[in-house]
Amino acid sequence: MEFMHKSVLLDETIEGLNIRPDGIYVDGTLGGAGHSYHICERLGQDGKLIGIDQDGDAVSAAAARLEPFGDRAVIVRDNYSNIGKVLSELGIQSVDGILLDIGVSSYQLDASERGFTYKEDAPLDMRMDRRMGMTAEDIVNDYSEAELCRVIRDYGEDRFAGNIARHIVRARQDGRITTTGRLADIIRTAIPAKARAVGGHPAKRTFQAIRIELNRELEVLENTIDEMIELLNDGGRLCIITFHSLEDRIVKNKFRDNVNTCVCPPDFPVCVCNRKPKGEVITRKPIVPTDKELEENKRAKSAKLRIFERRIFL
């Protein structure tokens, strides 16, 4: 399958990056290079785009799409959690903008053999980086009932997490669960009929939870935002697109923490720690898709864009 992914909030993100022709920009979740292509279009000969993605299929597709821009585009197969190391190896100390489009791509969902979707029967994989040894199958079959419940409850926000975990543990006594179809059937039986009748596919939340756990998505996001802000030049911007509340909450809180950096006790009359803000949040409220975009791309429904601008206060 060709790596296709319709870029969400494209115009808003490109505007939010405030691109300079001679600037250096990083797309930490390169995918099929939808956003990156439009970034490169706005760069001059002295500009540079660093595209990072851990998915080998994405890297191949992006390389082909960005080929017309020559050495203005540099592509690295890695996780964006290693952004500092990637830039250091390229001899780059700081950049003018960073973009993250968090979550699974349309290609990954539609390529059934990748095991991300509950709509088709396929091997239980869900690895964004297929060089990883562990797969979703290992989580489903090797985690304890308590661990499964935690994952489904915390990352899937499913009120039936305990019952789903029990059904999975019971089912695997009859043999290892190896396919998305069998897992989806097990989840369906664990959810009451009335609940199955509303709110979309009954397996959606559990599949999301297992994918997040396997790929450490929230952990990587939370642990990398501070570093990305530090890597920005004065006036540089960090744009992050999220697709569910857990991701958005992390971004919102991290941005706030980098504005309100004072660590003095609340009862101190004046600040004595002398810690300065790292910048300002450009988006008081997250930017969401327009009605027109939602008509063209239903998968953009839950997307939210937040933007942070670096300010170096002397």
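Values for this structure:
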read-out: Odd one out for Phe243, checked against (1) over 13 Å from the mean Cα position of the chain (by Cα); (2) open to solvent by 10 Å² or more (accessible area, probe 1.4 Å); value: (1)
read-out: Whichever residue in the stretch 130-166 is acidic (Asp, Glu) and part of a helix (DSSP H, G or I) and, among such residues, is farthest from Leu214 (Cα to Cα); value: Glu145
read-out: Conditions (1) among the charged types (D, E, K, R); (2) at pLDDT below 90; (3) closer than 24 Å to Ser105 by Cβ: number failed by Glu296; value: (2)
read-out: Only listed residue being modelled with pLDDT under 95 and not in a helix (DSSP H, G or I), chosen from Arg237, Arg275; value: Arg275
read-out: Residue identified as under 19 Å from Leu17 (Cβ atoms) and either of a type in the set (Lys, Arg) or touching a Cys at 6+ places or on another chain (Cβ under 7 Å) (or both) among Lys276, Lys254, Lys301; value: Lys254
read-out: Set Val220, Val270: member being part of a loop (DSSP other than H, G, I, E, B), β-branched (Val, Ile, Thr) and surrounded by fewer than 20 Cβ atoms within 10 Å (Cβ to Cβ); value: Val270
read-out: Residues satisfying the stated conditions in the stretch 1-30, i.e. open to solvent by 10 Å² or more (accessible area, probe 1.4 Å), of a type in the set (D, E, K, R) and modelled with pLDDT of 95 or more; value: Asp11, Glu12, Glu15, Arg20, Asp22
read-out: Residue ID - least open to solvent (accessible area, probe 1.4 Å), chosen from residues in the stretch 192-217 that are over 19 Å from Asp129 (Cα atoms) and in a loop (DSSP other than H, G, I, E, B); value: Ala203
read-out: Scope the stretch 167-181; condition in contact (Cβ under 8 Å) with a residue 24 or more places away in the chain, touching a Leu at 6+ places or on another chain (Cβ under 9 Å) and part of a helix (DSSP H, G or I); matching residues; value: Ile168, Val169, Thr180
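Matching residues to (1) closer than 23 Å to Ile50 by Cβ; (2) β-branched (Val, Ile, Thr):
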| residue | (1), (2) |
| --- | --- |
| Glu217 | yes, no |
| Asp226 | yes, no |
| Asp234 | yes, no |
| His244 | no, no |
| Glu247 | yes, no |
| Lys252 | no, no |
| Arg256 | no, no |
| Asn260 | no, no |
| Val263 | no, yes |
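Residues checked against (1) under 24 Å from Gly97 (Cβ atoms); (2) more than 23 Å from the chain's Cα centre (by Cα); (3) open to solvent by 90 Å² or more (accessible area, probe 1.4 Å):
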position: Val251; (1), (2), (3): yes, no, no
position: Asn274; (1), (2), (3): no, yes, yes
position: Pro277; (1), (2), (3): yes, yes, no
position: Thr283; (1), (2), (3): yes, no, no
position: Arg311; (1), (2), (3): yes, yes, no
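The values are calculated or read from the model by the stated rules, or taken from the named source; none is laboratory data. None of the values given here were measured: they were computed from a predicted structure. We place every Cβ from the backbone using ideal geometry, glycine too, and count neighbours over all the protein chains shown. Surface accessibility is based on the protein's heavy atoms, side chains included, excluding ligands, DNA and RNA. Shrake-Rupley method; radii C 1.70, N 1.55, O 1.52, S 1.80 Å.
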